[in-house]
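The numbers here are math on the coordinates, done by the rules we state, and not lab data. As the structure is a prediction and not an experimental result, all values here were calculated from the model. Cβ placement follows ideal geometry from the backbone for every residue including glycine, while neighbour counts extend to all protein chains displayed.
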Amino acid sequence: MNKSYIALGTNIEPRDFYLSEALNLLEAHEAIAIQKRSSIYETAPVGYVEQDDFLNMVIEIQTLLEPYDLLETIQGIEQKLGRTRDVRFGPRTIDLDILLYNQESSTDEQLTIPHPRMHERAFVLVPLAEIAEEEIVQFGKTAQELLEELPQRDVETV
Ligand SMILES: Nc1nc2nc(S)n(CCO)c2c(=O)[nH]1
């Protein structure tokens, strides 16, 4: 059995629906079991800032899928929930990113693990720290320090 951490993000309404539907579709997959869910954080957009605030969270899953099959599965869920890629860093109904997969690393163009930008993103590190303290220590910051970096909106919890 493999352990993986997936980041979820959405900034197109109804954001709550897209988030909960993505979780339902992941849980319904016979080879995926959600083990932990972080709180849901409302965060200001990073990078391409002319867009609405996001809801972000991170989940821990156990999966029988190998990395590429997991990638294909989450891309299928994105498509099912109407994800379009008109603007590379633009608004999206749902975004699913593989952050970590066991202790593996891969630098392939199509699938880079650990996620190449996760260490730059408080909207990823804070929810990850909430559910995976042992993994976050590698980045040398406590969850509280990361939370203080997060551009604060109302931090919502599930
Ligand atoms: N706060 C926040 N800003 C973002 N900018 C981009 S691109 N994204 C999409 C990340 O893949 C986000 C996001 O999920 N949350």
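The reciprocal of the average 1/r between distinct C-alpha atoms defines the Kirkwood hydrodynamic radius, which for the stretch 45-133 equals 14.3 Å.
Taking other C-beta atoms within 10 Å as the exposure proxy, ARG85, ARG117, ARG92, ARG15 rank ARG85, ARG117, ARG15, ARG92 from fewest upward. Inter-label distance, TYR68 to ARG37: 3.2 nm, where each label sits 7 Å from its Cα along the C-beta direction. Please give me, ordered by residue number, the chymotrypsin sites (Phe, Trp or Tyr not before Pro) of the stretch 40-76 that lie in loop per DSSP and have at most 16 other Cβ atoms within 10 Å. Of the chymotrypsin sites (Phe, Trp or Tyr not before Pro), the ones in loops of the stretch 40-76 whose Cβ has at most 16 other Cβ atoms within 10 Å are TYR48.
Placing dummy labels 7 Å off each Cα toward the beta-carbon, the span from ARG117 to ASP53 is 2.1 nm.
Neighbour counting of Cβ atoms within 10 Å sorts the residues PHE17, PHE123, PHE89, fewest neighbours leading, into PHE89, PHE17, PHE123.
Please give the FRET efficiency for SER20 paired with GLN75, using the beta carbon to beta carbon distance and R0 = 22 Å, rounded to the nearest 0.05. Present the calculation step by step, with values, prior to reporting the outcome.
Details: r = 19 Å, r/R0 = 0.87.
Rounded to the nearest 0.05, the efficiency is 0.70.
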